[in-house]
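No value in this document is a laboratory result; all are computed from the given coordinates. These figures come from a predicted structure and were not determined experimentally.
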Amino acid sequence: MQDQQTEERTSEATGWKPTDRQWAIAATVMAIVFLTLLIASLGVQFWAHASTRAPAKVGDGAFDVFKIVLDKGVLALIVAFASFVLSRYIERDRNALSRQLEEYRIGLNRQLEEYRSELSAGAEKRREERQDLRNLVREERDARLDAQREERLAADRVRGKLEKAAEDELRRALVPWTQLDLECRFYGPQRGKIIVDLRLIAENRGATIRKLEDVRYRIYTMTGEQALQLYDCKDGISRLALNGPRINETSKWDFSVEPGIRQVFPLTTFMDEDVRFVLVKVDVYDKSGEHPGSDWQGEERFFPVVLTT
């Protein structure tokens, strides 16, 4: 197979086919045969003229034979040469046709490769488009999942705040307030004055320490000469007006009341001896902050002035 390919490459390089060489060899052999017949014919003629016995008959017969052979040989040579030329042209046409077929095959293969390349490029483009579509779907899904996750987190935060508020409300409702109470005693008179012994009693009924500060005392008085009057409060109730001298005191100390302890915060002061009734109001700021609403607690009590001896 390799020798045949080498021979074909050699023939393509020189323009000479193996069939042409065979015909050349055949033509050479025919030429040698023709020359041999020619030499033989000349020899027979020479022998005919040189012979002394009936040269005419012998020469004439040999020459006729030679002419027949020579005519047949020349005809064969002519036929062979014509066949050689015809085969040569046919071989050239066949070679040209083969070259055209080869060029057509090469062009067809080139077009096939280009078509395959276009198909491959189209397939690659479609694959990239499918990948882009998958990425877009994945991004949309991730964005939707993130939004749902954020919504769940926000809902959890709101639910946590509501639960904490409900828990704080319940805890504050279950933790009792510090119970406040007031006691007031009056002593005197002493040089036109009455001694006031006021006691604020704070009882811690809860389980936590109560921190109190800013205890504010307000004592409203009514003398015997004052006429009874009412005034309208902000809560819509008409209350007794005590327009006598007023006593205001504030304690800046911080106090701590242990659970279960009943602690007394006293205030001793004085007022005029003509006072017949007092209204005591006490406000306490609870720093614990464990109750709903305001952190201020208050207590109010009305006392008649009854002197203790």
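The Rg/Rh ratio for region 178-308 is 1.01, where Rg is the radius of gyration of the alpha carbons and Rh is the Kirkwood radius.
Measuring nothing but alpha carbons in region 85-232 and taking Rh as the Kirkwood radius, the Rg to Rh ratio lands at 1.85. Summary of the geometry: region 93-150 and region 212-243, compared by the centres of their Cα atoms, lie 98 Å apart. Summarising the amide proton neighbourhood of Ser256: residues at separation of 5 or more, or on other chains, whose placed amide H is nearer than 5 Å comprise Leu212.
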